[in-house]
Amino acid sequence: MGGAGFPRPAPPSQNRGTVTQTLDPAPPSPLVGGPRPPGFAVDRAFRVLAVLAGLFVLVVLVSIVFVLFDSAREWISFEGLGSLFSLDWEPVNEKFGAGSLALMTLIVAALALVIAVPISVGIALFVTEIAPRRARLPIVFVIDLLAAIPSVVFGLWMLRQLSQPLADVYADVHGAVAGVPVLGDLLGSPSASGLSIMTAAIVVGIMITPIVTAITREVFATCPLAQKEASLALGATRWEMIRGAIFPHSRSGVVAAVIIGFGRAVGETIAVALVIGASQRLTGNLLAPGDTLASIIANQFGEASGVQRSALIGFGLVLLLLTIIIGIVARSVLRRANRRFGVV
Amino acid sequence: MTSEPAMPPAATAGDTITRVDLTPTQVRPPEVPADPGPVPGREVVFDLSTVEIFYGEARAVTDVDLDIARNEISAFIGPSGCGKTTVLRSLNRMHDLTPGARVAGTITYHGEDLYGPKVDAAEVRRRIGMVFQKPNPFPKSIFDNIAYGPRINGVRKRSELEGIVEQALTRAALWGEVKEKLKSSALSLSGGQAQRLCIARALAVDPDVLLMDEPCSALDPIATARIEDLMEELKETLTIVIVTHNMQQAARVSDRTAFYTAEADDNGRRVGKLVEYDATATIFTKPSDPRTEGYITGRFG
Ligand SMILES: Nc1ncnc2c1ncn2[C@@H]1O[C@H](COP(=O)(O)OP(=O)(O)O)[C@@H](O)[C@H]1O
Ligand SMILES: [Mg+2]
């Protein structure tokens, strides 16, 4: 090849900004002294504003924790900090352990995810990869509409229309799995009304589907065309391409969607209060009534007084801690996922 | 199909004529090798006749007639936007994935209609591998990148996969550099390594043809030279079609060259077309079309 070398593509035409800069006579000392540029004051004002806004959020958060803690002191001092985790529930003896409610809250949320995640991933894949281009926007619109329905409307619809038919389904399911080791216990004898942990999970699952769908859709859509083509060019079918290119690319994004959905599910109040059946005894039977930290507040706060009222406020505090913990776990999960392969 | 053993005659014939080292100052070497013309016994892999490709209503290329023979390297050259990539992607049915894209005319692959109703596009792409302009390794380990193709073809046994991975990486001249770190992310490789990884990934499914779309445009000269050497070796067992922006590269590596250009049609839209397709030495030394000559002189001069 000799000295000819490789001709590089011609560089783009000279950047004018650079040219003017090099022609300008350099100021004697560009770093110190001299008049402030005009944008300086605005910049400074903006910074002050941002700090103030941040402080405001912090103050609100701290005061919420403080007020909740103060109002819940009667409950906490009654049994000590142990009541935060205690499974004891004896209203006559003024024992209101938050433990079983917290567990049932997590059960409802987890079950809601089991329902919502496959549906959301399915819809998101359908919309981004399979549906004809013209059908995509309408589908997205309908699902986003679902997100706009108020929580209480969902709860009432479930209560009026679906709890009774569900009770029959539960009875059949229970009959089918009776005697099966673990499943038989999880799907134990159902409540006659159909109001149960499962019913609450279904309604919460439907409610978090739009947000989980929206995030997974966004994540799937950002899978680079180059990755999809790489997979297809190796002879992958569409499904193999989805598994081989889109899923690995989207792993941490889907985890984020799941965690956000979980956070929503944990805090969901009024719809759950309407359909869960209000039983504070911890149960492993998903077809039996239960109660969650949020739903018990909605159901009992009106009539509560004394230690019970204080306990209900304490449940709010526990709920707050729970969501903060979920947020922290989410962050560390995502950070770990990012470090693995540096995607998303 | 035709008798199995590779067809060295075509390859050797190409070899003797393409080793002309063209430098910018030597556009037309005085001693011009005679145009060998079509070599009898060339085994045709692709035969394109009156191919036209559309994106929606817009016609991107028209009038493409050429055949590509086994164990040859064919280069597509021409100005940007003249349809080189478009034609290349029609050879492994990548256009199936672009909404609105349509291929008219006929393309046969080993005598079979590539766009026939019973042809399975996934199977076509398994036999006709593709390397893209920008290296596109998966965000997975080096091993899993190479094993991807074999896995979707049903290879499950670890030992078998290990053998395939080693062989593919060796063929792509990357084994020595990565054998110690097969488990690390493919995204940690340099640009040149990543492109060779993509070549290895394509080779792992044992394709019959390798389509390369400006595979060196993102690489430095050393990495480029390695890939060119590699193509030279791969040609013994494969048929290669390469799109390149680099005239020297086309002259160095290819046996045949197709020159495309884009010209305004009756409605004033620019449409790509094949101007000339011939032995590389002919295209670079005594092209029969003045447009080819103009382009090549311009690019070298
Ligand atoms: N996906 C696409 N959709 C619409 N037009 C396209 C698409 N890809 C390429 N084209 C058009 O087709 C013509 C040929 O493009 P291309 O084959 O990429 O040219 P080249 O590879 O020679 O630079 C160009 O006018 C380009 O704008
Ligand atoms: Mg191109």
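What to note about this one:
- Per the listing A:ILE143, A:ILE107, the residue uniquely touching a helix residue (DSSP H, G or I) at 6+ places or on another chain (Cβ under 7 Å) and open to solvent by less than 50 Å² (accessible area, probe 1.4 Å) is A:ILE143.
- Segment A:220-245: number of residues that are surrounded by fewer than 23 Cβ atoms within 10 Å (Cβ to Cβ), more than 7 Å from every other protein chain (Cβ to nearest Cβ) and part of a helix (DSSP H, G or I): 8
- Segment B:265-285, residues that are exposed (fewer than 14 other Cβ atoms within 10 Å of the Cβ) and under 24 Å from the mean Cα position of the chain (by Cα): none
- Qualifying residue in segment B:52-59 (condition: more than 16 Å from ligand 2 (Cβ to nearest atom), within 14 Å of another protein chain (Cβ to nearest Cβ) and open to solvent by 10 Å² or more (accessible area, probe 1.4 Å)): yes
- Search result, residues across segment B:145-170 that are within 9 Å of chain A (Cβ to nearest Cβ) and of a type in the set (Lys, Arg): B:ARG151
- Selection status of B:ILE73, within 16 Å of ligand 2 (Cβ to nearest atom), away from chain A (no Cβ under 13 Å) and among the β-branched types (Val, Ile, Thr): no
- Which listed residue, of B:PRO33, B:PRO8, B:PRO24, is open to solvent by 70 Å² or more (accessible area, probe 1.4 Å) and either modelled with pLDDT under 95 or under 30 Å from A:TRP239 (Cα atoms) (or both): B:PRO8
- Enumerated strands (runs of 3 or more DSSP E) restricted to segment B:230-301, each holding at least 1 residues that are out of contact with any strand residue (DSSP E or B) (no Cβ under 6 Å at 6 or more places or on another chain): B:256-264, B:270-279
- Among the candidates B:ALA250, B:ALA262, residue that is open to solvent by 10 Å² or more (accessible area, probe 1.4 Å), within 16 Å of ligand 2 (Cβ to nearest atom) and in contact (Cβ under 8 Å) with a residue 60 or more places away in the chain: B:ALA262
- Filter result (out of contact with any Asp or Glu (no Cβ under 6 Å at 6 or more places or on another chain), more than 7 Å from ligand 1 (Cβ to nearest atom) and among the β-branched types (Val, Ile, Thr)) within segment B:55-86: B:VAL64, B:ILE68, B:ILE77
- Failed criterion for B:ARG125 (all others in (1) under 29 Å from A:GLU129 (Cα atoms); (2) within 16 Å of ligand 1 (Cβ to nearest atom) hold): (2)
- Subset tally (residues that are closer than 21 Å to B:THR237 by Cβ and more than 9 Å from chain A (Cβ to nearest Cβ)) for segment B:123-144: 0
- Any hit, segment A:14-28, residues being modelled with pLDDT of 60 or more, exposed (fewer than 10 other Cβ atoms within 10 Å of the Cβ) and more than 14 Å from chain B (Cβ to nearest Cβ): yes
- Of the residues making up segment B:203-224, those that are over 18 Å from B:THR85 (Cα atoms) and touching a residue at least 24 places away in the same chain (Cβ under 8 Å) are B:LEU203, B:ALA204, B:VAL205, B:PRO207, B:ASP208, B:LEU219, B:ASP220, B:ILE222, B:ALA223, B:THR224.
- Screening segment B:78-114 for residues that are closer than 12 Å to B:ALA60 by Cα and among the charged types (D, E, K, R) and picking the one that is nearest to the chain's Cα centre (by Cα) gives B:LYS84.
- Wholly enclosed helices (runs of 4 or more DSSP H) of segment A:46-150 bearing at least 2 residues at pLDDT below 95 and under 25 Å from A:ILE325 (Cα atoms): A:73-79, A:99-125
- One residue stands out in segment B:207-246 among those that are of a type in the set (Gly, Ala, Ser) and more than 16 Å from ligand 2 (Cβ to nearest atom): the one that is least open to solvent (accessible area, probe 1.4 Å), namely B:ALA223.
- Single residue of segment B:202-235 satisfying the filter (within 16 Å of ligand 1 (Cβ to nearest atom) and modelled with pLDDT of 90 or more) that is farthest from A:LEU232 (Cα to Cα): B:CYS216
- Qualifying residue in segment A:278-285 (condition: touching a Lys or Arg at 6+ places or on another chain (Cβ under 9 Å) and either surrounded by fewer than 19 Cβ atoms within 10 Å (Cβ to Cβ) or at pLDDT 90 or above (or both)): no
- Enumerated helices (runs of 4 or more DSSP H) restricted to segment B:76-182, each holding at least 1 residues that are surrounded by fewer than 21 Cβ atoms within 10 Å (Cβ to Cβ), among the polar types (S, T, N, Q) and more than 16 Å from ligand 2 (Cβ to nearest atom): B:158-171
The values are calculated or read from the model by the stated rules, or taken from the named source; none is laboratory data. Keep in mind that what you see is a predicted model, and the values were worked out from it rather than measured. Heads up, the Cβs are rebuilt from the backbone with ideal geometry, glycines too, and the neighbour counts pull from every protein chain shown. Side chains are part of the model used for accessible areas, which takes the heavy atoms of the whole protein and leaves out ligands, DNA and RNA. Shrake-Rupley method; radii C 1.70, N 1.55, O 1.52, S 1.80 Å.
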